[in-house]
Structure formats: C-alpha cells, structure tokens
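Taken together, the values in this text are just the output of simple stated rules run on the coordinates, not laboratory data. Computed from a predicted structure; not experimentally measured. For neighbour counting, all protein chains shown are included, and Cβ atoms are generated from backbone atoms with ideal geometry for every residue, glycine included.
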Amino acid sequence: MDILAILNDARVLPVRDDELMESRAMTLSPACQVEQTPMNTRYSARSEDIEILTAVYQPEINMAIWQRALSVDVKNAVQQLLLNTQHLNTSSFIRSDRIESDVRDAFRSIQPHDALLNDVVEVVDIFRTLFELSRVGLRMRILDKPMCPRFHVDRVPCRLVSTYSGRGTQWLDHADVRREKLGLGSGGLAETQDTDVGDIALLKGESWFDNELGGVVHRSPPSDGGQRRLIMTVDFLAD
C-alpha cells in the first residue's frame, strides 16, 4: 500500500488557503464518510483506513484518528527502547527533503532499532504530505507521569499525537465540553474517550481557520500503576 499516494489522491486543498478551505468539500471513500452536521458543533472521525486522516479538512471534524496496529517489530523496538532508556525528551526540526536523515539525527544519542525509526519517518512523512509542509516539529518523550493532566485546547492549527506504549490521549466529545471548566477547573468533566497504542490522531487546534472555540479538548491520561508512556507529537512550523 502506497500510503502517501493515498493521501495525495484524497487531499483536496492545502491548509494555508483560507478561501479554498471555506468553499471546497472533501471527498472520502464510503468507509470514511462522515455525516454532514451543523457548524455549531464538532465531531471526531475514526477508521482503520488511513484516508480518514483527510477528514480533518472537513470544518465539522476536529479530530481524525487512523486506528492502526503497530507491527511486531515496532512493538519489540519500543520495548527495547523503554528497557534501555531511562529518560527521553527530544525535540527536533524535520525538513521535508531530509526526513530520514533528520529523524536519525534526532535519535542519535539513544539509537533505537530501525523498525521504530522507520515508523517515525513514515508518520512524519504522512503529516508533511497531508498539509504540504516544508518542515515540521517532532517531539518524542518517555513519561512516567501525565505531561498535561488538565483538560485543555492547543493554540496550534493541528497536532499529530501517537502513543507507542502506555495509555493513549484522552479527549472529550465537543457536545460534552464546558469550556469554563478547562485548565485549573477541569475536574469532574464528562466521560472521556481514549486513543489506543499505535493510533495516529490529528487534533485540530484553535488556530485552524475558522475553528475558534472548536479545538479538541484533551489531556494526558492519569498515571496507570507506574507504566511509562512513549509518546510522539508532530507539529506545524512557520516557514
């Protein structure tokens, strides 16, 4: 399967062209169709088909999740990394024409197995292709406690989040959100939903065109008996 070709065929418009974002619609395969909804709410879209990631261009979709399973080789590489690495908090600029070399440079100090490196390269390339970016920001962390324990929204256009080990990111359905209770007052909110290990989640932020008050409300999951998490994020960078 040529993942990048699928995304190129399915993607209709670049995120930077506001007029096109308003006027043109996304065409998805039947397996990934999302019902048209009023613009006063937002929804998440999930599928085992990678094409679901292009649903993020639909105005009513604020979270698109490709539900994928990690290969055995990647799972083994992740476990090896967690066994051999006590601390990891790396941030790097990844250029679109040097993705593999930049990713390898980013992890040179810990030298993870090629299976994990290749997976990171593929995920970064997916994000870069989907939004036609010349460079992106890559961050990988090992966490033994929640990084962002309170519900919040991100002031970014869109962020990719993927968990390689441990519990996934938690989020709230838009209809359940009470924005006055975000941040310091975020206790006791509605029932959460969770991504799974391996999922590729695109979380639309408040800086996406015409998405004010529509960003995904999410948080890091509570600690789970001392289990460490390996989490990756990919972000837009200004050209």
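What is the sum of charges around Thr90, taking Lys and Arg as +1, Asp and Glu as -1, for the other residues whose C-beta is under 13 Å from the C-beta of Thr90? All intermediate terms of the calculation are to be shown ahead of the outcome.
Values: positive: Arg104, Arg108, Arg139, Arg141; negative: Asp102, Asp105.
Spelling it out: positives minus negatives among the neighbours equals +2.
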- Modelled label-to-label distance, Arg155 and Arg104, 7 Å Cα→beta-carbon offset: nm? 3.8 nm
- Message: Which one, Leu81, Leu138, Ile126, is farthest towards the positive end of the dipole of the range 69-162 when Lys and Arg carry +1 and Asp and Glu -1 on their Cβ?
- Response: Leu138
